[in-house]
Amino acid sequence: MNDVHDPTGPAALAERDPAPAPLEGLRVLDLATLFAGPLAATMLGDFGADVIKIEHPRRPDPSRGHGPGKDGVGLWWKLLGRNKRNITLDLSTPGGRDVLLRLAEQSDVVIENFRPGTLEKWNLGWDELSAVNPGLVLARVTGFGQFGPYARRPGFGTLAEAMSGFAAITGEPDGPPTLPPFGLADSIAALSTSYAVMAALRGRERTGRGQVIDMAIIEPMLMVLGPQPIWYDQLGYVQPRTGNRSANNAPRNTYRTADGAWLAVSTSAQSVAERVLRLVGHPEFLDEPWFASGAGRAAHADELDAVVGGWIARHDRAEVVAAFEQAEAAVATVNDIRGVMEDEQYEALGSITSVEDEELGTVRMQNVLFRLSGTPGAIKWAGRPHGADTDTVLAQAGLSEQEITALRDGGAL
């Protein structure tokens, strides 16, 4: 769609007078490390929340050192830390505890991912936080939740990807269970946490009181795996590994073109499956009784892959994509990140944007997650240096210069 007519398109948003961001006036304290909790805070910050990232003075968020860096600067952090003000605070010290309570009194949301009982050990649990601010929302993001036999185990997204059933259905039928090479479970948990925070804040509008969010990373991952529990409950059915194929429809696979590109084809809708078979010159399959359902087609995936894959293998990528578009059938290039950065649809949506950074100059990263026509989000800055905003934030919270100096001398900052 041409964004001249789309109120959420980049050109339309650029022409509109700036409007207050939808979460402007909301303050979030991000106490979490690594990915799920901090990414949830990033998503809130993208839509105007004032996010204060609190890191240990001597042990920064490990995400600052994850993956490649440039000139000693971690690049993952530039994404994860965007739109956040950064302060250092040792919550295990009396001074750090007092400062956190002071900040919590002036905030709306706290996001943390310590092992259950850690905040309580520091006398910073729900009882203490809600005492200074009854309207506070405390989001607790852990691998396994706040209770149960696994609650105190170290928990990472990889374990959720394994426990949830994701790894068991991922990979080739004769191969091992396969884990994703990126933080899938953490990212899904981050989306879920940001949603939970907004639900809790809506609840506060009705009741006047905050509440605790117990977010176990293993649960959002289980939810997105769909109907597997009810399939097993009602039928005893256990979904197998099928590689790139689907147990629910066919043809559905990746296919190589004559010029060496890979394309993904999906036929979840019956009408699309029919268009694909007509396109590749095999309309006779449409008369087969089994072709009338996705499950029936999946049972004949070998035959369908042979004709679809054979046709695609005889044509270049551009020819295949053009033919599929003409036939209104579903196809997409299998991009690596180079393809993503050059893809015309991502370019039209503005999915990758440029951000000015004080350390690295201009950096490109994912844009805000969705477009709002009236109160769009924005990236104001990329992730900032460790503790860069400590003095400013604490001064705004009412601490004097002498108090800040004393906290720093005492190791709390």
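Provide, as a two-decimal number, the C-alpha radius of gyration of the chain over 2.2 N^0.38 Å, N being how many residues it has.
Details: Rg = 25.1 Å, N = 413, 2.2 N^0.38 = 21.7 Å.
So the Cα radius of gyration is 1.16 times the expected 2.2 N^0.38 Å.
Could you please report the charge total around residue 241, scoring K, R as +1 and D, E as -1 over all other residues with beta-carbon less than 11 angstrom from its beta-carbon? List each step's numbers first, then the result.
Working: positive: 245; negative: 172, 174.
That works out to -1.
The longest part of the chain holding none of the exposed loop GluC sites (Glu not before Pro), meaning those outside H, G, I, E and B in DSSP with at most 11 other Cβ atoms within 10 Å, is 1-327. For the stretch 16-121, the carbon plus sulfur part of the accessible surface works out to 54%, probe radius 1.4 Å. Over the stretch 252-334, the hull volume per residue, using the convex hull of the C-alpha atoms, is 74 Å³. Each of the trypsin sites (Lys or Arg not before Pro) that DSSP puts in a loop and that has at most 16 other Cβ atoms within 10 Å breaks the chain; the longest unbroken stretch is 210-313. For residue 381, the accessible surface of its heavy atoms amounts to roughly 80 Å² (probe 1.4 Å, protein chains only, rounded to the nearest 10). Surface composition of the stretch 252-334: carbon and sulfur atoms hold 50% of the protein heavy-atom accessible area at a 1.4 Å probe. Charge tally around residue 341: other residues with Cβ under 12 Å, Lys/Arg +1 each, Asp/Glu -1 each, net -3.
Could you check what % of the DSSP bridge pairs in the chain are antiparallel, to the nearest 5? Kindly include the intermediate steps, with their values, before the conclusion.
Details: 16 of 37 bridges.
Around 45 percent antiparallel, to the nearest 5.
Please compute the contact order of the chain in relative form: average sequence separation of alpha-carbon pairs under 8 Å and at least six residues apart, divided by the residue count, as a percent.
On the way: 725 pairs, mean separation 80.2, N = 413.
It rounds to 19 percent for the chain.
For the Cα atoms of the chain, what angle does the longest principal axis make with the long axis of helix 270-279, in degrees from 0 to 90, nearest 10? Orientation of helix 270-279: about 50 degrees from the principal axis. The residues of the chain expose on average 51 square angstrom of accessible surface per residue, using a 1.4 Å probe on protein heavy atoms.
The values are calculated or read from the model by the stated rules, or taken from the named source; none is laboratory data. Just so we're clear, the structure is a prediction, and the values are computed from it rather than from any experiment. Using ideal geometry, Cβ is built from the backbone for each residue, glycine included, and neighbour counts are taken over all protein chains shown. Areas reflect the complete protein model, heavy atoms only, side chains present, ligands, DNA and RNA absent. Shrake-Rupley method; radii C 1.70, N 1.55, O 1.52, S 1.80 Å.
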